[in-house]
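Everything on this sheet refers to the single structure shown next.
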Amino acid sequence: MATAVLGLQWGDEGKGKITHLLANEADMVVRFNGGPNAGHTVIDRGVKFGTHLIPAGAFYPDTVSVLAAGTVVDMAVLREEWDAVSNHLGWEPRLRIAENAHLIFPYHRLVEELEGSGSHFGTTRRGIAPAYRDKASKLGLRAGDLLRPEAARDKLARRIELLKHAWPKATEIQALDARALFDEQRELAAPFLEAIGNATQDIREALDAGRRVLFEGAQGTLLDVDHGSYPYVTSSSTTFAGLANAIGMSTAHVERRLGVFKAYMTRVGAGPFPTRATGPVEDQLRRVGGEFGVTTGRPRDCGWLDLVALRYAVELNGCTGLAMTKLDVLSGFDELRVCTSYRSDGTAVRGFPAAAEVLEQCTPQYETLPGWPEPLSETRDVAELPRAVLDYIERIEAFVGVRVEIVSVGPEPEATMNVH
Ligand code: IMP
C-alpha cells in the first residue's frame, strides 16, 4: 500500500504533522522533491522540530527514510538535522539518498544572492533555483559524485571556473577552491556516504515486497514549477504528476493520494494571492495561527480559503482524500468567507488561472458561511464538533468533490481526528 502526501496550497499546509503521523505506520518514507527550502514542523515526543530535509520517517526506528532523485540536498543542512534528530532519538535514522539527487553547494546560495532573486521572487534563499538550474544545464554534481572524489573534484573545478568567469567581481566566488570545497562537502556527508545509492531500486523492492511506502511532498501545488503561479513558484514539481519522475518509476500503485490543506490560506514570499485578507482578519489569522515561516521566520500573508484554487489542486493531484489542518484557528470569527469563483474584466473566469499575470487580475467572489465561537483545540472526536464546523467541512467537500478524512486542530499528534 502506497500513500502520497501532497500540499494543495502555497506550502505550509501542515504536511509535516500529517506525514509524521502516517509515518508511524510506514516501512519507508520517501521525500521526493525540493530541498531545504521546505520547513516541516514535527512534534516528536513533546519536542518540536523544524525539519528541512530529513523525511518524517526518520523519527521511527524501523522506518527507512529516503531522499529521492527529485530532491536537492544541502549536506550542511542535512548533517545539522541528522545530528539534532539522532541526539533526540538516541539512535541514528535509517537513511537512503538517491545517487542521482543533486547537491546544493554554498555557491548556489551565493549566486542566488548575487542575482537578487531572493528579494525579487521572495525565495527562501537556500540556493534552490541555482541548484535545479545546474541540474537542467548538466552542470550539477550529484550525491553519487561524493563516492568518486577524483572525478568529482575535476567536475567541481570546471563548474567553479565557469562561475569565476561569470562573476569576475564577486570576491566570494573568486575565492572558491574546488578541492577544499569538495573535501568539506564529503566531510559533512561522512555519516551518510554509505546511504548513497540506487534509491529507485530500494523503493521498487519495498513496493514489490508489499511494504507500506509513504511519499512525502514538499511545498505545495500552487508553487509547482509548471502548474503553479509561475514565476512565483519553487523550482521542482510539487504535485503527484511530478512524483513518478522524481522517484523514477510509475506511480500506478500509489492508491492513496492525500491532499493536505489549511482551513484558510497563507502565502510567504512574492506572488499573487487573490483571497488575501487585510486588517484585523489577517492579523487574527497570523497571530492565532502562528503564521511565520519555519525556514525563514518571515510573516506569512493570510486570507480566506480559496475553493477555486483548492479544486484545481485536488484535480491536478487526483486526490483520493483530504487532510484539513489548523481548523482551530478559525474559532471566533462571526462569519467565514470562502472563494467560489473569480471574475476578471467583468466576466467570469473559467477554472483556476495559475499563471501569475492572469491570477493578479482576478477578483475573488465569496460565499459567506457562519463562524463558530467554540475553541476546537481540545476536541478529539468529530461528533463533538459544532454544527457550523461540520457545515464548513461539508461545503468544502461538496465543492471539491473529495472527502475530508483527517481534521487537525492543533500541532500535537493527539490533536487529530479521523472523519470517516
Ligand atoms: P525557493 O523554493 O526558495 O526558490 O522559493 C520560491 C518560492 O517558493 C518563494 O515564494 C518561497 O517563499 C516559496 N517556498 C519555497 N518553499 C516553501 C515552503 O516550504 N513553504 C512555503 N513557501 C515555500
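The values are calculated or read from the model by the stated rules, or taken from the named source; none is laboratory data. Remember, predicted model here, so these are calculated numbers, not experimental data. Cβ coordinates were reconstructed from backbone atoms using ideal geometry, including for glycine residues, and neighbour counts include every protein chain displayed. Note: areas computed on protein heavy atoms with side chains; ligands, DNA, RNA excluded. Shrake-Rupley method; radii C 1.70, N 1.55, O 1.52, S 1.80 Å.
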ask   = Can you work out the base-10 log of I(q)/I(0) for the stretch 359-411 at q = 0.19, 0.23, 0.27, 0.28 1/Å, using the Debye formula on its C-alpha atoms alone?
value = -0.79, -1.00, -1.18, -1.22
key: Most to least accessible of Lys169, Lys17, Lys155 (protein chains only, probe 1.4 Å)   = Lys169, Lys155, Lys17
key: 3J(HN,Hα) from dihedral phi, the stretch 29-34, Karplus parametrisation 6.51/-1.76/1.60, rounded to Hz, x for glycine, proline   = 10, 10, 7, 10, 8, x
note = Taking the alpha-carbon centre of each part, the distance from the stretch 342-420 to the stretch 148-189 in Å is 48
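Work out how much length Arg256 to Ser341 would gain on full extension: take 0.36 nm times their residue separation and subtract the Cα-Cα distance, in nm to one decimal.
Values: separation 85, 0.36 × 85 = 30.60 nm, distance 2.82 nm.
Length gained, Arg256 through Ser341: 27.8 nm.
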message = For a quick check: with amide H placed at 1.01 Å from N, whose amide H comes under 5 Å from Gln365's, ignoring anything fewer than 5 positions away on the same chain?
response = Thr340, Ser341, Tyr342, Arg343
task = Report, ordered by chain and residue number, the lysines lying within cross-link reach of Lys164, taken as a straight Cα distance under 20 Å and ignoring same-chain residues fewer than 8 apart.
result = Lys135, Lys138, Lys155
query = So for the chain, taking the charge dipole from beta-carbon charges (+1 Lys/Arg, -1 Asp/Glu), which of Tyr392, Ala348, Leu22 sits furthest toward the positive end?
reply = Ala348
ask   = Just for the Cα atoms in the stretch 138-248, what are the lengths along the principal axes, largest first, rounded to whole Å?
value = 50, 38, 21
ask   = If you place +1 on the Cβ of every Lys and Arg, -1 on the Cβ of every Asp and Glu, and leave all else neutral, what size is the dipole of the stretch 169-304 about its Cα centre, to the nearest 20 Debye?
value = 560
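Can you pull the semi-axes for the stretch 24-137, root of five times each eigenvalue of the Cα gyration tensor, sorted largest first, whole Å?
The answer is 27, 15, 11 Å, longest axis first.
Could you rank Arg298, Arg287 by how accessible they are, 1.4 Å probe, largest area first? Could you put the intermediate results ahead of the total?
On the way: Arg298 60, Arg287 165 Å².
So the residues, ranked largest to smallest area, are Arg287, Arg298.
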key: Table column - 3J(HN,Hα) (Hz), the stretch 212-223, Karplus curve with 6.51, -1.76, 1.60, x for Gly and Pro   = 8, 10, 10, 9, 10, x, 10, 6, x, 4, 6, 9
key: Derived scalar couplings ³J(HN,Hα) [the stretch 225-242; Karplus, 6.51 cos²θ - 1.76 cosθ + 1.60; whole Hz; x for Gly, Pro]   = 5, 9, 10, x, 7, 4, x, 8, 9, 8, 10, 10, 7, 9, 9, 4, 4, x
inquiry  = With a 1.4 Å probe and all protein chains kept in place, how much accessible area does Glu216 have, in Å² rounded to the nearest 10?
reply    = 0
request  = List the residues whose amide H sits under 5 Å from the amide H of Asp74, counting only those 5 or more places along or on another chain, with H placed 1.01 Å from N in the peptide plane.
outcome  = Ile104
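For Val419, what is the net charge nearby, where nearby means another residue's Cβ is under 11 Å from its Cβ and Lys, Arg count +1, Asp, Glu -1? Show your work: numbers first, answer last.
On the way: positive: Arg403; negative: Asp381, Glu394, Glu397, Glu405.
With Lys, Arg at +1 and Asp, Glu at -1, the neighbours total -3.
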task = Rank by packing, highest mean first: peptides 270-278, 39-47, 238-246, with packing defined as the count of other Cβ atoms within 10 Å averaged across residues.
result = 238-246, 270-278, 39-47
inquiry  = List the residues, sorted by chain then number, that are 5 or more residues from Lys262 or on another chain and whose placed amide H is less than 5 Å from its amide H.
reply    = Thr325
request  = For Thr320, tell me the accessible area in Å² from a 1.4 Å probe, rounded to the nearest 10.
outcome  = 60
query = Given 20 Å bins starting at zero, what is the percent of C-alpha pairs of the chain in each, up to the one with the largest pair distance?
reply = 27, 56, 16, 0
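Give me the number: length gained by fully extending Thr368 to Val47, i.e. 0.36 nm times residue separation minus the C-alpha to C-alpha distance, one decimal in nm.
Details: separation 321, 0.36 × 321 = 115.56 nm, distance 3.84 nm.
Result: 111.7 nm gained on full extension.
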remark   = The lysines whose Cα lies under 29 Å from the Cα of Lys326, excluding any fewer than 8 residues away in the same chain, are Lys15, Lys17, Lys48, Lys262
